[in-house]
Amino acid sequence: MRWWRIGSPFVIAGMRELADEGARQVVGYEANGGFLTWHDFECEGRVLPALPTRDAAIAAIAVLLLARRQGRPLSALTANLPARFTASDRLKAFPTQQAQARIAALAAGGRQRIETELAPLRLGELAAIDHTDGLRLTFANGEIVHLRPSGNAPELRCYNEAASAARARELNAACMRLLADWRSAEVAS
């Protein structure tokens with residue numbers, strides 16, 4: 001698995017790259033529900049033609065087909081999966097260049113600065129940093145904070161993942177307060 005920037009043009013370019021490297025049955029996914037296929041797929045003697053554009057229906061159909069094949073209700077399919085919940089929000093009127101500069105400054109400070117600046121979020125030790133599209137921070141407890149400027153509006157976006165819906169919402173609300181403080185600091189300077 002590889003990561004690319006958010007947005008179907010970037011996902012499609014990444015899929016093309018994998019296919020050019022010889023990968024077979026390449027697919028791409030976007031958190032907004034977009035599921036993209038680079039190659040044709042065969043299932044039960046029928047061919048699903050490649051569709052390198054957003055198609056959220058494919059994911060839903062695949063889950064329904066899996067439930068039918070296993071003779072289980074949809075609710076039973078998730079019983080063996082780890083609990084993961086997401087929450088997201090955005091700060092409007094945060095110019096892209098300022099958002100990029102603020103994220104770059106946080107990242108440039110390294111693990112210690114990140115852990116210190118995000119200490120109010122009670123995340124603990126930083127486990128991984130990914131700069132693919134903004135700044136995606138994974139903590140040892142499995143929680144994620146992903147900060148990125150919007151690609152099409154003067155907004156700073158924040159995506160969070162946690163093991164419970166309540167914690168994901170709590171984390172996102174705390175992140176949004178932190179981002180609002182960032183914006184206030186930018187306006188004051």
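The values are calculated or read from the model by the stated rules, or taken from the named source; none is laboratory data. Computed from a prediction, not measured in an experiment: that's the story for all the values here. Ideal geometry is used to build each Cβ from the backbone, glycine not excepted, and the neighbour counts take in all protein chains shown. Protein only, heavy atoms only, side chains kept; ligands, DNA and RNA dropped before computing areas. Shrake-Rupley method; radii C 1.70, N 1.55, O 1.52, S 1.80 Å.
In this structure, ALA79 and ALA19 have a Cβ-Cβ separation that, at R0 = 30 Å, corresponds to a calculated FRET efficiency of about 0.30.
A 1.4 Å probe over all protein chains sorts SER88, SER150 by accessible area into SER88, SER150, starting with the largest. The tail of the calculated P(r) for the stretch 24-136 beyond 24 Å holds 53 percent of all Cα-Cα pairs.
Compared with the dominant principal axis of the Cα atoms in the chain, helix 96-108 is inclined by about 80°.
Descending by average beta-carbon neighbour count within 10 Å, the peptides 77-87, 137-147, 11-21 line up as 137-147, 11-21, 77-87, the highest first. Calculate the FRET efficiency for ARG177 and ARG72 from the Cβ-Cβ distance with a Förster distance of 35 Å, rounded to the nearest 0.05. FRET efficiency, ARG177 to ARG72: 0.25.
Three principal axis extents describe the C-alpha atoms of the stretch 1-76; from largest down they are 37, 28, 19 Å. For the chain, the Cα gyration tensor yields ellipsoid semi-axes of 35, 21, 15 Å (square root of five times each eigenvalue, largest first, whole Å). Write down the accessible area per residue of the chain in Å², having rolled a 1.4 Å probe over the full set of protein chains. So the chain comes to 60 Å² accessible per residue, rounded to a whole number. Expressed as a whole percentage, what fraction of the accessible surface of the stretch 1-150 belongs to carbon and sulfur atoms when a 1.4 Å probe is rolled over the protein heavy atoms? Accessible surface attributable to carbon and sulfur in the stretch 1-150 totals 55 percent. Spin-label pair THR132-ARG111: with each label point 7 Å from Cα along the Cα-Cβ axis, the two points sit 2.2 nm from one another.
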